[in-house]
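Q: Can you read through this structure? Questions will come right after.
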Amino acid sequence: MSESKENTTQDNKPNNLAGIKNIIAVASGKGGVGKSTTAVNLAVALRQLGLKVGLLDADIYGPSIPRMMGLSGRKPEVNVEDKEFYPLQNMDVKLMSIGFLVGENDAMIWRGPMVAGALSQLLSDVKWGELDYLIVDMPPGTGDAQLTLSQKVKLTGTVMVTTPQDIALLDCRKGIQMFQKVHVPTLGIVENMSQFICPHCGESSPIFSEGGAERLSQEFKTDVIASIPLDMQIRQDGDDGFPIVAAHPDSKHAKLYVQLARTVKEKVDTLNRRKLSIPIMQA
Ligand code: ADP
């Protein structure tokens, strides 16, 4: 029996994304704002909620998922016959990154066509199996790589990450606009490094300014779905390859990420219910 269209790609290879219910892009206009940190903590927190989760590191220029998920230097199993990869797994989350296939620093010097080729391969050749969520850690920016991804994959929605600084907010605005152009809904904005709480006196300081993410969310009729403070434990756990939601699940900040995961799930469930309730137009 021939496979249904949804289960195969144009070149008749099995469609490895067919078993994935929701694909969420974690994106930012600017690098260094905490996009990967958000992606790993969101992925592990969704798993803690009992969902089947995969995490795809599409940040070709600076793949940091292998390190942040504690699998630096590991290689995926390859099915030589079908030229496909099996995802690695840690903390019960399935993982794939260009950093597992080449050195973590090698991809940074690639030019456009190589990046597009590598992205396409990552999207088509990984055997994810059945997943409730695939979290995609996008490359920063609003260029070709982001467009390729949003056009090749049916993204359920995006989580936009920004710091409260004007420059990051400006780039985040560009990111939201790019996704809107390709009809991908914004699930919400994560304001990262929103404030610094002094561990000694408990005073909160808005190191990178404040209020900007809220204004941006109003402009685009979306929500600030988490405000994550600048916190040494978040950085340290990321560097140690054990995201704070797994390493310190009882900490205040881990709970913020679990709440973020709940909010993302609620928003996705609402979107999916709405899709189901739209009547199919007869030709
Ligand atoms: P991006 O993916 O946007 O380039 P990363 O997630 O790699 O950013 O974060 C950049 C650096 O900032 C990393 O060293 C990370 O540990 C640190 N970082 C991210 N978010 C926080 C935070 N809320 N508090 C402290 N450090 C953070």
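The values are calculated or read from the model by the stated rules, or taken from the named source; none is laboratory data. Fair warning: this is a prediction, and the values are worked out from it, not measured in the lab. Note that each Cβ is placed from the backbone with ideal geometry, even for glycine, and that neighbours are counted across all protein chains shown. Accessible surface is based on the protein model in full, side chains and every heavy atom, while ligands, DNA and RNA are left aside. Shrake-Rupley method; radii C 1.70, N 1.55, O 1.52, S 1.80 Å.
Q: If we scan the range 82-100, do we find a residue that is away from the ligand (no atom under 16 Å from the Cβ) and touching a Gly at 6+ places or on another chain (Cβ under 6 Å)?
A: Yes: one or more hits.
Q: Moving to a separate point now. How many residues are open to solvent by 50 Å² or more (accessible area, probe 1.4 Å) and either touching a Gly at 6+ places or on another chain (Cβ under 6 Å) or within 17 Å of Gln165 (Cβ to Cβ) (or both) when one looks only at the range 186-203?
A: Total satisfying the criteria: 2.
Q: Still on this structure, I have one more. Answer yes or no: is there a residue in the range 46-59 that is without any contact (Cβ under 8 Å) to a residue 60 or more places away in the chain and more than 10 Å from the ligand (Cβ to nearest atom). Please lay out each step first, then the result.
A: Start the filter on the range 46-59 by keeping residues that are without any contact (Cβ under 8 Å) to a residue 60 or more places away in the chain, which leaves 47, 50.
Among the residues that remain, those that are also more than 10 Å from the ligand (Cβ to nearest atom) are: 47, 50.
Checked the range 46-59: at least one residue is without any contact (Cβ under 8 Å) to a residue 60 or more places away in the chain and more than 10 Å from the ligand (Cβ to nearest atom).
Q: Name the single residue that is farthest from the ligand (Cβ to nearest atom) among those in the range 209-252 being touching a strand residue (DSSP E or B) at 6+ places or on another chain (Cβ under 6 Å) and either assigned to a strand (DSSP E or B) or of a type in the set (Val, Ile, Thr) (or both).
A: Among those residues, the one meeting the criterion is Thr222.
Q: Additional query: For the range 77-192, which helices (runs of 4 or more DSSP H) that fit wholly inside it have 1 or more residues that are touching a Lys or Arg at 6+ places or on another chain (Cβ under 8 Å)? Please lay out each step first, then the result.
A: Values: elements: 98-101, 112-124, 144-152, 166-181.
Because the criterion is at least 1 residues that are touching a Lys or Arg at 6+ places or on another chain (Cβ under 8 Å), the helices (runs of 4 or more DSSP H) in the range 77-192 that meet it are 98-101, 112-124, 166-181.
Q: Of all residues in the range 185-208, count the ones that are under 21 Å from the mean Cα position of the chain (by Cα) and more than 15 Å from the ligand (Cβ to nearest atom). Give the steps one after another, and end with the answer.
A: From the range 185-208, those under 21 Å from the mean Cα position of the chain (by Cα) are 185-194; that's our starting set.
The next check asks that each one be more than 15 Å from the ligand (Cβ to nearest atom); those that pass are 185-188.
Count: 4.
Q: Give all pairs with beta carbons closer than 7 Å in which a residue from the range 237-251 that is under 16 Å from Ser36 (Cβ atoms) meets a residue that is basic (Lys, Arg); count only pairs at least 6 apart in sequence or on separate chains.
A: Listed by first residue and then by second, the contacts come to Gly241/Arg67.
Q: Give the residues of the range 64-93 that are of a type in the set (A, V, I, L, M) and at negative phi, sorted by residue number.
A: Taking the range 64-93 first, the residues of a type in the set (A, V, I, L, M) are 65, 68-69, 71, 78, 80, 88, 91, 93.
Within the range 64-93, Ile65, Met68, Met69, Leu71, Val78, Val80, Leu88, Val93 meet the criteria.
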